[in-house]
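Written below as C-alpha cells is the structure these notes are about.
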Number of protein chains: 6
Amino acid sequence: MIVGVPKEVKVHEARVGLVPESVRELTRRGHRVLVERGAGKEGGWDDAAYERTGAQLAASAQDVFAEADLIVKVKEPQPREIALLRPRQALFTYLHLAPDRAQTEGLLRSGAACIAYETVTDAAGGLPLLAPMSEIAGRMAVHVGAHLLEKSQGGCGALLSGVPGVPPAKVAILGAGVAGSNAARIAVGMGADVAILNPTRPRLAELDAQ
Amino acid sequence: MIVGVPKEVKVHEARVGLVPESVRELTRRGHRVLVERGAGKEGGWDDAAYERTGAQLAASAQDVFAEADLIVKVKEPQPREIALLRPRQALFTYLHLAPDRAQTEGLLRSGAACIAYETVTDAAGGLPLLAPMSEIAGRMAVHVGAHLLEKSQGGCGALLSGVPGVPPAKVAILGAGVAGSNAARIAVGMGADVAILNPTRPRLAELDAQ
Amino acid sequence: MIVGVPKEVKVHEARVGLVPESVRELTRRGHRVLVERGAGKEGGWDDAAYERTGAQLAASAQDVFAEADLIVKVKEPQPREIALLRPRQALFTYLHLAPDRAQTEGLLRSGAACIAYETVTDAAGGLPLLAPMSEIAGRMAVHVGAHLLEKSQGGCGALLSGVPGVPPAKVAILGAGVAGSNAARIAVGMGADVAILNPTRPRLAELDAQ
Amino acid sequence: MIVGVPKEVKVHEARVGLVPESVRELTRRGHRVLVERGAGKEGGWDDAAYERTGAQLAASAQDVFAEADLIVKVKEPQPREIALLRPRQALFTYLHLAPDRAQTEGLLRSGAACIAYETVTDAAGGLPLLAPMSEIAGRMAVHVGAHLLEKSQGGCGALLSGVPGVPPAKVAILGAGVAGSNAARIAVGMGADVAILNPTRPRLAELDAQ
Amino acid sequence: MIVGVPKEVKVHEARVGLVPESVRELTRRGHRVLVERGAGKEGGWDDAAYERTGAQLAASAQDVFAEADLIVKVKEPQPREIALLRPRQALFTYLHLAPDRAQTEGLLRSGAACIAYETVTDAAGGLPLLAPMSEIAGRMAVHVGAHLLEKSQGGCGALLSGVPGVPPAKVAILGAGVAGSNAARIAVGMGADVAILNPTRPRLAELDAQ
Amino acid sequence: MIVGVPKEVKVHEARVGLVPESVRELTRRGHRVLVERGAGKEGGWDDAAYERTGAQLAASAQDVFAEADLIVKVKEPQPREIALLRPRQALFTYLHLAPDRAQTEGLLRSGAACIAYETVTDAAGGLPLLAPMSEIAGRMAVHVGAHLLEKSQGGCGALLSGVPGVPPAKVAILGAGVAGSNAARIAVGMGADVAILNPTRPRLAELDAQ
C-alpha cells in the first residue's frame, strides 16, 4: 500500500501524521511511504530522518494525494486538501464532523473513505486515539487557566495554590471523563480547591478512592 | 501620625500599600490615614471601602506626600514620587536598591527615612515581609514556565507532567530558599521531574524529608 | 525522698500520677514510693503491679499526704486534697491556676511548693509536659466533633468526609499550635475541608510545607 | 402518575423520600407529586420549598397513600403504613426483608408492588441505591468506633491515632466491600493501624494498589 | 478423595503444597490427607501441626504417591517424582512446561492428569494462582536489585534513593503487569527514579492515575 | 599548602579522599595536590582525570606522606599509614577513635594533628561530615535487612511489604537520629510496619508530623 503524509496546513498545527519511527514500522512491512518535504519540520523531524526510515519525499501535497492509497494526517482536511481527495482513497485523521457541515459534505463528495481517529473504539469500548488527546487537553487546561487568572491577562489575580494565609482558588471541573480527571489531578497537585461535577455517581466514587 | 497611601504608579502594579482592613487597624489606634482616590481600585477596593474604615481620601499623590508623616507603598518610588519625598518623612515600601543607583541617590537626596520591606528581619532571622512575595513568585514561576513551554509561545512544546507513555518534563530549580522550595512543590504537584540545586546540603536534607 | 501517689478524685479522671514502670525508675534510685490502694485501677494497673515495682501501698490519701515529701498527681488538687498539703511538701501536677482563684489561694495557704506540669519548660522553650496533652486533645477533638455533628446528637447531620457527590464538611481550627495542628491532621485524614486560623504567618507556612 | 411522599415515621429517621429538586424533575415531566405536610422538615426542607417545585401538600399520610400510584419513602413501611398500602399501588423504599417476616407477610397481603432500593441493580452489576448508604455507614463507623473507645463510653480509652510515643489503635475491618473500604480509608486517615479481612484476594490487591 | 502432600525436593524450595489450615478444610469435608513426614518443616510447620488438623503422616514420598488420588505440590515434579506418577492420578502444582520438554514428555508418559497452577483462570480472566507469586517476585526484585548494585556485589555502588545532593538511581521496569506494577511501587517507595515500559498505553494510564 | 591523597588501603574501601572536582577547588586556590597513582580507580576516576584538574601523581603512599602538609583520606589510617605520619603534618579523615586504643596511641605517638570528620561541628551544632554517612547507612540498612530476611540467607523468609493477604513485616528502628529517620522512610516506602524507638518525645513528634 502507498501511505501518504502531507504537511499539516491548519493554522498553529505543528504535529505530523506519522513520525519517522512509525514510518519504519510501515516500510519494514513492505509498504511505500510518501512524505511531503518539510512535513515533520515543526515537530522536530527533518526530511533526512524520514529518508533514513525508508520514506520517499514528495515535493508537494498534490504529489502525496495523487499517489497515496491512504492519507495519514492529524487535523481535519482543509478545503484545499478536500479538493485533492478522490474515490478509492482512504483518509485517516481527526475529523470532528459534528459541528462542521461544510467539511462533511466535502468529504462525502470526494468519494474517499474517511475514518475519524476520535471514533476508533477498542475491544473494551475505549477510544484509544482520542484518550491521549483528552489527557493532554485536561492537563494543559489547568496551567492555561492559571495563566488566564493573572491580572495581566485580565483575570482576577488569583493564584491556584493560594499561599499560607490566603486560601487556594476554587476550580470547578465539568465532567469526570479522561479530560476532567486529568485536569483534576493537575489542579489538586497545584494546590487548588477542586470540585468535579459529573452526572453519574460511580465515576465520582472511583476518583474519590484514588 | 498621618499615614499616606498614594496610588501605585509603576506599570503593571495593581496592589496598594494598605488594604481597608489595615487602615482600620491604624484609625482604631488614633492615626489619621490619607488615601489617594482610586488607590485600591485595581486591587478590588473602592474609595468607599476605605472611607468606611476611617480613611480620608486625597485628590492626588501630591496631597498625600505633602501631608503624611509616613508613606506606605508597594513598589519602589518612581522618579515623580521621589521628587515628592522630603526630610522628616518616612517611606515604607519595597526598594530593591542594589541594582538601582539612580533611585538610591534620589532617596538620599530626598532626606526621607526609607525602610525597605525586603530588609525587615524578625527575631528568628527571617524576612517576614519578603517571604510572602517569594512564596508567590516561586509558585507562579511554575505555571508561567509551563505557559512559556507551549509551542505557541515559542517553547519546545513540552507538557510538565508528560502523559502516560511520554516522560514528564525536567525542571531544574536554582536555590532551595523560599521561592525555590515553593516552586518545587508546585512543579512536583504538576508531575514534573524536578531537581533542586542548592549550595549547601542541610537545606536539601530538610526538603528531602518532607 | 518519699514520693506519694494518691488516687485521683476529680470526676471522670481515670489516670494516675505514676504508672508502675515510673515507680520502678524511682525505687531503683533509692526513693520510697507510697501509692494509695486502687490508685491505678481505672487506668488498668492493679495494686500488685505497683508492689512488684517496689511501691508501698497506703490505705488512704491521708496516709500518702502525711508521709510523702513529694506528691505526684494528674489533676489539680481538689479542696479535700488541698487541705492535706503542708509546708515543706512539694506538689507536682497539672494546676491551671489562671481561671481558678480558690485553688490558687488554697495552695498559697498550704505552704507547699506547687509546680504545675503545664509550666515546665525545656531548653528549647517547649512545654514537654503540656505538649502530649495538647496532642491528645487536638486529635480527640475531631472525632468528638464528628460525633456531635450527628443528627441524633442535635447536630446538623454533616459527615466530615462527605461522600462522592456530597461535599465534605468544613472544619475551622483556631490556632496552629500543638492542639490545632494535631486536630488539623486528623481532620484532613478524615476527608474534611479544613482551614486553620493563626495570628502569625510563619507557623502557617511551616504547616503548609508538610 | 401520582407520586406520594409520606413523612417518615420510623424512630430517628430524619430523611425524606424525595427532596424538592427531585420533585421538580417529576413535576416537569408532567407527574403529580403529593407530599405530606412536614415531610421534609427534619431534613431541612420546609413545605414551601416543596410547593415551589410544584408539589401539592397533603394533610396526612392517609391522604398520600389513598391517592398515590407510587409511594416513595426511605425506611421500610411501619405497620400503620403497611395497613394503608393497596393493590395496584407501588412502593419504592429500602425494605431489608430478610430478617423481617412480619413486614414481608404484610407487604404480600397488601397486594402492592414493593421494590426494595437495596436490590436495584445497574448494568454493571452494581447496587446504585445501596452503595451510597454503605459509603456513609463505612465512613461513620470509624468515628462512631472512636467515640465508643472513650473511657467515658465504657471503652478502653484508646485513641485511634495514638500520639508520638504511644502506638495507634488496631482496627480490624471485616469485608472489603463498599462499607469496608470506605471505613478503611477513614481509619487510615485517622492514623489507626488497620487490617482488612476479606474472603477473596483480588479485592485486597485492588485496595492495596490504591 | 485421598489427597497427598509430598515433601518438596527441588533445591532451595522451602514451601509445601498444603499448610495445616488448608488440610483442615479438606479433612472437614471428609477427605483423607496424607502428608509426608517433614513436608512442612522448612516452612515452619512440624508434623504435629499436620496431625492436629487431621492429616495422616506418610513415611516417604513413595507412600504418598502410591495412595493419593490427588498430589498437591509447589514446584514442578522432579524426575524421581515423575517416575512415581501413575494413570488415574491427578497432579496439581506449578509446572511451567514451555521451556521444559523433558518434564512435558515425562508427564505425558505417566498417564496422570496434570494441572498447572499458573494456567488456572478465574471468571474475570485473571490468574488467581499465578498472581500472588508475581506480586512476591515483583516486590522482591527491587531489594534484590538494590543488593546487587552494592559495590561488594560487583555493582556500580548506586543507592536506589540517592541521598540529598546525590540523585536517585534510575530503575527501568519492563512490563506493567502484576510483577512490574508491584516492583514499581516498591522502587518508588524506596525513592528510585522509576520508568515503566509497556507495549500498550491503557495500562500505563491506569498506573499513572494511582 | 601541599595536600596529599593516598590510595585507601582498608579492605572493601572503594572511596577516595578527594574527587577530581575537589582537587580543582584546591589547585585553583594555589595549593599543590599530590595524588597516589590509582587512588580514585575503584571509585571511577582514573589518574588522567586527576591530572586534568591540576593534581600531581605520586608513585606511592610513601611519596604522598613524605611531602604533604595535609593528608586527606576516607577511613582511619591503617598501621602502615600511621607509621608514615609525622609531626607538623595534619591528617583529615574519619577516625572513630572511641573503640580503637591502638590507633589512638599510634596517632598520639606520630605527633601529627589528626582531625576526625565525624567530630566536625557546624554553627547550628550539626555534624555536616557525619550526616551524609548516616543518611547512606540508614537507607542502605533497610535493603540489607530485606536481603538478610531471605530464606536463602538464613532469614525467616519475611518480605518487608507482605503481599495482599499476608501482613507486612515489622521493622523496629532504634533511635530517631539521622540514620534512624532515613531508615524509617525507606522502610515505610517499602511497605513495612515500622516502629521507631527514641529516648525523647519531641523528635518522635517531629517525625510523626512529616
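Here the residues D:I196, A:I115, ranked from fewest to most Cβ neighbours within 10 Å of their Cβ, fall in the order A:I115, D:I196.
Cut-off is 10 Å between beta-carbons; in what order do E:H12, F:H143 appear when sorted fewest neighbours first?
Numbers: E:H12 9, F:H143 25.
Lowest count first: E:H12, F:H143.
Toward the positive end of the charge dipole of chain D, about the Cα centre and with charges on Cβ (Lys, Arg +1; Asp, Glu -1), which of D:L159, D:Y50, D:G177 goes farthest? Going by the Cα projections, it comes out as D:G177.
Sequence gap at least 6, Cα distance under 8 Å: using those rules, report the relative contact order of chain B to the nearest whole percent.
13
When chain A is treated as a GNM with alpha-carbon contacts under 10 Å, the residue of A:A68, A:A169, A:A112 showing the greatest mean-square fluctuation is A:A169.
Please get the size of the charge dipole for the stretch E:58-200, origin at its Cα centre, with Cβ charges of +1 on Lys and Arg and -1 on Asp and Glu, quoted in debye to the nearest 20.
Values: 11 positive and 12 negative charges, 49 e Å.
In total the dipole reaches around 240 debye.
The magnitude of the dipole of the protein assembly as shown, with charges of +1 and -1 set on the Cβ of Lys/Arg and Asp/Glu and taken from the Cα centre, is near 0 debye. Shown for F:R80: label points 7 Å from Cα along the beta-carbon vector, and their distances to the equivalent points in the other copies, 5.1, 8.0, 8.2, 8.2, 10.2 nm in ascending order.
With a cap of 15 neighbouring Cβ atoms within 10 Å, and only residues DSSP puts in a loop, list the trypsin sites (Lys or Arg not before Pro) found in the stretch E:88-195.
On the way: sites: E:R88, E:R101, E:R109, E:R139, E:K151, E:K170, E:R185; in loops: E:R88.
Hits after loop and neighbour filter: E:R88.
Go through D:K170/E:K151; E:K151/F:K151; A:K170/D:K75; C:K73/C:K170 and tell me which ones have a Cα-Cα distance over 30 Å in this structure.
On the way: D:K170/E:K151 41 Å; E:K151/F:K151 23 Å; A:K170/D:K75 37 Å; C:K73/C:K170 38 Å.
In this structure, D:K170/E:K151; A:K170/D:K75; C:K73/C:K170 exceed 30 Å between Cα atoms.
Of the beta bridges in chain D, as assigned by DSSP with both residues counted there, near 5 percent are antiparallel. Net charge in the neighbourhood of E:I136 (other residues with Cβ under 15 Å of its Cβ; Lys, Arg +1, Asp, Glu -1) is +1. What FRET efficiency comes out for the pair F:V166/B:V144, r = Cβ-Cβ distance, R0 = 41 Å, nearest 0.05? Given R0 = 41 Å and the Cβ-Cβ separation, E is 0.25.
Within 10 Å of each Cβ in peptide B:164-173, how many partner chain Cβ atoms are there on average? Round it to a whole number, please. Display every interim value, and only then the final one.
Working: counts 16, 9, 5, 1, 0, 0, 0, 0, 0, 0.
Shielding by partners across B:164-173 averages 3.
For chain E, adding -39500 (n - 2.57) for each run of n ≥ 4 DSSP H residues and dividing by the number of residues yields -10000 deg cm²/dmol at 222 nm. For the stretch D:131-209, a crude dipole built from +1 on the beta carbon of Lys and Arg and -1 on the beta carbon of Asp and Glu, taken about the Cα centre, is about 60 debye to the nearest 20.
Excluding B:H31 itself, what net charge comes from residues whose Cβ is under 15 Å from its Cβ, given Lys and Arg +1 and Asp and Glu -1? Walk me through the numbers before you get to the answer.
Working: positive: B:R24, B:R28, B:R29, B:R32; negative: B:E21, B:E25, B:E67, B:D69.
Neighbourhood net charge equals 0.
In terms of the ratio Rg/(2.2 N^0.38 Å) built on C-alpha atoms, what value belongs to the protein assembly as shown? Could you put the intermediate results ahead of the total?
Values: Rg = 38.3 Å, N = 1260, 2.2 N^0.38 = 33.2 Å.
Scaled against compact globular proteins, the figure is 1.15.
Considering only alpha-carbon pairs that sit under 8 angstrom and 6 or more positions apart, the relative contact order computed for the stretch C:2-119 is 25 percent.
Measuring from the axis that maps chain E onto chain C, the chain E residue with the nearest beta carbon and its rounded distance in angstrom come out as E:G189, 10.
Building the convex hull from the alpha-carbon atoms of chain B and averaging its projection over directions returns 15.6 nm². Count Lys and Arg as plus one, Asp and Glu as minus one, and take only other residues whose Cβ is under 9 Å from that of C:A58; the net charge is then -2.
Ordering C:C114, C:C156 by the number of other Cβ atoms within 10 Å of each residue's own Cβ, fewest first, gives C:C156, C:C114. Once both labels are positioned 7 Å from their Cα atoms along Cα-to-Cβ, the gap between F:E105 and C:R37 label points is 6.4 nm. Calculate how steeply helix D:131-148 sits against the longest principal axis of the alpha-carbon atoms of chain D, using the helix alpha-carbon long axis, and give the answer as 0 to 90 degrees to the nearest 10. Between helix and principal axis, roughly 50 degrees.
Amide hydrogen proximity for E:I173: with H placed 1.01 Å from N in the peptide plane, the residues at 5 or more positions away or on another chain lying under 5 Å are E:A195, E:I196, E:L197.
Here is how far apart the C:S60 label points are across copies: 6.8, 8.3, 9.1, 9.1, 11.8 nm, shortest first, using a point 7 Å from Cα toward Cβ. For D:R101, the point set 7 Å out from Cα toward Cβ sits 7.0, 7.0, 7.0, 8.8, 10.3 nm from its twins in the other copies, listed from shortest up.
Just to be sure I understand: of the beta bridges DSSP finds with both ends in the stretch C:85-210, what percent are antiparallel, rounded to 5? Could you put the intermediate results ahead of the total?
Details: 1 of 10 bridges.
So the antiparallel bridges amount to about 10 percent of the total.
The amide H of A:A58, built 1.01 Å from its N in the peptide plane, has A:V35, A:E36, A:R37 as neighbours under 5 Å, considering only residues 5 or more places off or on other chains. Each Cα pair under 8 Å and six or more residues apart adds its separation to the average, and for the stretch B:131-209 the resulting relative contact order is 30 percent.
Averaged over the residues of F:136-147, the number of partner chain Cβ atoms lying within 10 Å of the residue Cβ comes to 5. The long axis of helix F:178-189 is offset from the longest Cα principal axis of chain F by roughly 40 degrees.
Laboratory data are not the source of any read-out in this text; all were calculated from the coordinates shown. All values reported here derive from a predicted model rather than from experimental measurement. Because the Cβ atoms are built from the backbone with ideal geometry, glycine has one as well, and the counts that use them run over all protein chains shown.
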